[in-house]
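> If you scroll down you'll find the structure; I have some questions about it.
The values are calculated or read from the model by the stated rules, or taken from the named source; none is laboratory data. Every value quoted in this text rests on a predicted model; they were computed, and no experiment measured them. Reconstructed Cβ throughout: ideal geometry from the backbone, glycine too, with neighbour counts over all protein chains shown.
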Number of protein chains: 2
Amino acid sequence: MSAAKTKKTVTNETALAEQLREVGLRPTQQRMALADLLFGRGNRHITAESLYNDALTAGVNVSLATVYNALHTFTAKGLLREITIDSTRSYFDTNVDEHHHFYFEKSGRLEDIDHTSVKLARLPEAPDGLPVSRIDVVIRIDG
Amino acid sequence: MSAAKTKKTVTNETALAEQLREVGLRPTQQRMALADLLFGRGNRHITAESLYNDALTAGVNVSLATVYNALHTFTAKGLLREITIDSTRSYFDTNVDEHHHFYFEKSGRLEDIDHTSVKLARLPEAPDGLPVSRIDVVIRIDG
DNA sequence: CCCTAACATTAGAATTATTCTAATCTTATT
DNA sequence: AATAAGATTAGAATAATTCTAATGTTAGGG
């Protein structure tokens, strides 16, 4: 179902467009469509290729290069989190809260682990007292 | 300094060649040279490109494709451990003991953390009781 | 010992993932 | 509504990695 045509003066801006504006991004056609595919459902782990395929299936006119641009821009703005597990491709997580991951080696699938389920009782001091930006725990599952 | 010429009958096989044979690999020129560059010094974090450059500098005649082959073969045989931190390239660690890593985001450098320095007090159960093959902890340093 | 067949290894060519940059689109300002 | 400044897009280029045909190695028979 398509929304009623927007008049030239912006009067009925959608919530999605507003969210993009809030982080300083223009709500362009391509970004709106990709943001909708990304955030319309629950938390997901996607790759540039998988989002590109989702876009094609949804009939969205967008190039793969633009999908990469959008993923990196969204990550820089804190709307996505990049996870590096498999060097052959980048994964992006729509869950940006503190959490960890199970990685199923055979299928390549990722599963979120709530941060309260993992407790780091002892941690080494960071060299030169430099700030820790993030701690990633990946539990690799043989299956 | 070059070792004395080996006679046709293998009498004075080097220790390095013997180690390769032990894991079922032929001690070819290229592999011997790469193994020497990899394991000759202390623990290191290398990339295919960095090892290739080391080889060129050392005057070793080897292709980049062969460097990739050797790194993956050595990893499969347990002589190296692959670490995935940065999706733009694969790192290989000559330290195959249980340990974790600091990752310096600005320089891209890795530093080993002894496994006794990190204590995981609470861990979630693996789904379906599947076996855990490895737990990786990466502490990302903003510097 | 040497020769040969079977298999392992190598590296040039091909592929895949990602980035770059020139062209296009948006938007704030008038 | 027109314009200029800057953001966004996507075709082309690049970089990382893999594939596969050619080459090298080795064990066993002659």
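> Residues of segment A:43-59 being surrounded by fewer than 16 Cβ atoms within 10 Å (Cβ to Cβ) and touching a Ser or Thr at 6+ places or on another chain (Cβ under 8 Å), which ones?
A:Asn43
> Find the residue count for segment A:64-99, including only residues that are more than 18 Å from B:Asp86 (Cα to Cα) and aliphatic (A, V, I, L, M).
Residues that pass the stated criteria total 6.
> Tell me which residues, restricted to segment A:69-101, are modelled with pLDDT under 95 and touching a Lys or Arg at 6+ places or on another chain (Cβ under 8 Å).
Listed by number, the list holds a single entry, A:Ser87.
> Follow-up question, since we're still on this one. From (1) touching a residue at least 24 places away in the same chain (Cβ under 8 Å); (2) loosely packed, with under 15 Cβ neighbours inside 10 Å, pick out the condition that doesn't hold for B:Val138.
(2)
> Okay, moving on. Scan segment B:42-67 and report the pairs whose first residue is in the same structural domain as B:Ile85 (by TED's automatic domain parsing) and whose second residue is among the β-branched types (Val, Ile, Thr) and within 12 Å of DNA strand C (Cβ to nearest atom), with Cβ atoms within less than 8 Å and a gap of 6+ or a chain change.
From residues that are in the same structural domain as B:Ile85 (by TED's automatic domain parsing), the pairs are B:Ala48/B:Val67; B:Leu51/B:Val67; B:Tyr52/B:Val62; B:Tyr52/B:Val67; B:Ala55/B:Val62; B:Ala55/B:Val67.
> Given the criterion hydroxyl-bearing (Ser, Thr, Tyr), at pLDDT 95 or above and more than 14 Å from DNA strand D (Cβ to nearest atom), identify the matching residue among A:Thr47, A:Thr66.
A:Thr47
> Of the residues that make up segment A:97-104, is at least one touching a residue at least 12 places away in the same chain (Cβ under 8 Å), surrounded by fewer than 14 Cβ atoms within 10 Å (Cβ to Cβ) and within 14 Å of the chain's Cα centre (by Cα)?
For segment A:97-104, residues touching a residue at least 12 places away in the same chain (Cβ under 8 Å), surrounded by fewer than 14 Cβ atoms within 10 Å (Cβ to Cβ) and within 14 Å of the chain's Cα centre (by Cα): present.
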